[in-house]
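The values are calculated or read from the model by the stated rules, or taken from the named source; none is laboratory data. In this text, all values refer to a predicted model and were calculated from it rather than measured experimentally. Heads up, the Cβs are rebuilt from the backbone with ideal geometry, glycines too, and the neighbour counts pull from every protein chain shown. Side chains included, ligands, DNA and RNA excluded: accessible areas come from the protein's heavy atoms. Shrake-Rupley method; radii C 1.70, N 1.55, O 1.52, S 1.80 Å.
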Amino acid sequence: MNQLPALGAAFEGGFFGDRFTMNGQVYGVIWAPKSLGQTKGTWLPTYTAVPAARSCVDSMANTVAMAEAGSEIAKWALGLDIDGRKDWCIPARDILELAYRRFKPSSAENAASFRDGDNASSIPVGYPYTEELPAQTEIEAFRDGGPEAFDQVYHWSSTQYSEDLAFFQGFYDGYQHGYDEEASLSVRAVRLIQLTA
């Protein structure tokens, strides 16, 4: 693909959210429209180790493993059909981090606690946040109050942290950590499309 759309532009059933690397290849992130691709729920109904959901980047593999372990939010994501696209999943930790870095809805200072924002998969590689960076997005649709703005709450990733915790991304100040899998958090679906052969 020679020319990519601008960040936040309508593309491939959703909105373009930048590039990342996985297994030596370059992929693009496509965020689902908020009205069709957002839900809330628990990561798993009971504490269960899901070894196949430990990737920080392979969102689809994580989501399939979650669904097989009984996750309702994973089944929801895999069942989505948006604009004829049926390959939606729950973003892995590094993919979800990119959403905050590129589409931060608020003007709040970032948490900038231990390694918040560290992202080995993004292009370029993401370093930990400072209190000022990333700044609030300039893309109106994704700013606080915009139709596609990420809610300023914790969002689940598909990356398991431990048997009873999974990674989340906060969308108020960027705080990242593991959260109780039986808690109900927001989820925004994503597609990952390969850009290089």
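Look through Ala61, Ala99 and report the one residue that is over 12 Å from Ser157 (Cα atoms) and assigned to a helix (DSSP H, G or I). When all the criteria are applied, what remains is Ala61. Can you find a residue that is acidic (Asp, Glu), in contact with a Cys (Cβ under 8 Å, 6 or more places away or on another chain) and buried (at least 16 other Cβ atoms within 10 Å of the Cβ) anywhere in the stretch 99-116? No: the stretch 99-116 contains no residue that is acidic (Asp, Glu), in contact with a Cys (Cβ under 8 Å, 6 or more places away or on another chain) and buried (at least 16 other Cβ atoms within 10 Å of the Cβ).
Considering (1) open to solvent by 10 Å² or more (accessible area, probe 1.4 Å); (2) under 26 Å from Ile82 (Cβ atoms); (3) modelled with pLDDT of 95 or more, the lone condition that Asp180 does not fulfil carries the number (2).
Being buried (at least 18 other Cβ atoms within 10 Å of the Cβ), among the β-branched types (Val, Ile, Thr) and assigned to a loop (DSSP other than H, G, I, E, B) is a condition met by no residue of the stretch 122-130. Determine whether Gly145 is modelled with pLDDT of 95 or more, on the phi > 0 side of the Ramachandran plot and surrounded by fewer than 22 Cβ atoms within 10 Å (Cβ to Cβ). So Gly145 fits the description; yes. Close Cβ contacts (under 7 Å, 6 or more residues apart or on different chains) running from residues in the stretch 106-127 that are under 21 Å from Glu148 (Cα atoms) to residues that are assigned to a strand (DSSP E or B) and among the β-branched types (Val, Ile, Thr) are absent.
Being in contact with a helix residue (DSSP H, G or I) (Cβ under 7 Å, 6 or more places away or on another chain), among the small types (Gly, Ala, Ser) and outside any strand (DSSP E or B): is that true of Ser55 here? Yes, satisfied. No other residue among Ile90, Ile139 is open to solvent by less than 10 Å² (accessible area, probe 1.4 Å) and either in contact with a Phe, Trp or Tyr (Cβ under 9 Å, 6 or more places away or on another chain) or not aliphatic (A, V, I, L, M) (or both) apart from Ile90. For Leu195, indicate whether it is more than 30 Å from Gln3 (Cα to Cα) and either out of contact with any helix residue (DSSP H, G or I) (no Cβ under 7 Å at 6 or more places or on another chain) or of a type in the set (Gly, Ala, Ser) (or both). No; evaluated as a whole, the condition is false for this residue. For Lys75, the conditions (1) under 21 Å from Phe150 (Cβ atoms); (2) open to solvent by 40 Å² or more (accessible area, probe 1.4 Å); (3) not polar (S, T, N, Q) all hold with the exception of (1).
Among the residues of the stretch 13-34, the ones that are open to solvent by 60 Å² or more (accessible area, probe 1.4 Å) and touching a residue at least 60 places away in the same chain (Cβ under 8 Å) come to 1 in all.
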